[in-house]
Amino acid sequence: GIRGEALIALRKQEATRSAAMLGVTDVRFLDLCDGGFYEQKDLIQKLAQVAGDFQPDVILAPDPDVTSECHADHRNVGAAARQVAYFAPYAGIMAGYEAAAAPVQALAYYMTAKPNRYIKTGGYLHLQHKSIFTCHRSQFPEGSADEKSIGLYLKLRAIDFGLRSGKGCAEGFR
């Protein structure tokens, strides 16, 4: 199989194609090791710099408080995003990260076990699946058991969140 730098390059290409399929035109890679093998301060600084460059109103991140989350890097990103979201409007604090202040007004955690806000996804569930399973073949080979089980999970989650909110199919955020 593919290893090392070639795998990293492939995964970046897959992520860029997947993002484009969802309408995202600005994709940034922080060039930190996958799996959480980096210093948290480095992650915070890089996220702060992206926030300063991009100037978002809302930061979306994985929920770092999901007890079943076994990916250290997912928890790390959520915790770092929380810190950046809180400090982004303050130029003095952001200068400490060598970043510009940003007008962040909200932080929304996705892949949360405790959503308190639901967004109707309408016909986008199919596009979400397509962006994951046709673009990320290095992680989800066609017809793999993971593709089927994760696809079913995402569909059932959208239905569950839709039922909770009365919105058909929905995505949940905290």
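The values are calculated or read from the model by the stated rules, or taken from the named source; none is laboratory data. Just so it is clear, the structure is predicted and the values come from calculations on it, not from any experiment. As a convention, Cβ positions derive from the backbone with ideal geometry for all residues, glycine included, and neighbour counts pool all protein chains shown. Please note that ligands, DNA and RNA were not included when accessible areas were found on the heavy atoms of the full protein model with its side chains. Shrake-Rupley method; radii C 1.70, N 1.55, O 1.52, S 1.80 Å.
Structural remarks
- Taken as entire DSSP H runs, the helices of the chain that both span 20 Å or more between Cα atoms along their own long axis and average -0.5 or more on the Kyte-Doolittle scale are 4-21, 40-54, 72-87, 145-165.
- Magnitude of the charge dipole, the stretch 61-174, Cβ model with Lys/Arg +1 and Asp/Glu -1, debye to 20: 460
- Under 5 Å between amide hydrogens, built in the peptide plane, is the criterion, and for T121 it picks out C169, A170, E171 among residues at least 5 positions away or on other chains.
- Residues with amide H under 5 Å from that of L60, placed H, sequence gap 5 or more: A108
- The stretch 46-108 and the stretch 125-174 have Cα centres lying 25 Å from one another.
- Along the chain, longest interval not containing exposed GluC sites (Glu not before Pro), exposed being DSSP loop plus at most 11 other Cβ atoms within 10 Å: 40-97
- Of the options (1) 125; (2) 109; (3) 143, only one is volume of the Cα convex hull per residue in Å³ as computed from these coordinates, and that is (1).
- Expected 222 nm ellipticity per residue - DSSP helices of 4 or more, -39500 (n - 2.57), all of the chain, to 500: -16000 deg cm²/dmol
- Remark: accessible surface ordering of F54, F29, F173 (largest first) is F54, F29, F173, probe radius 1.4 Å.
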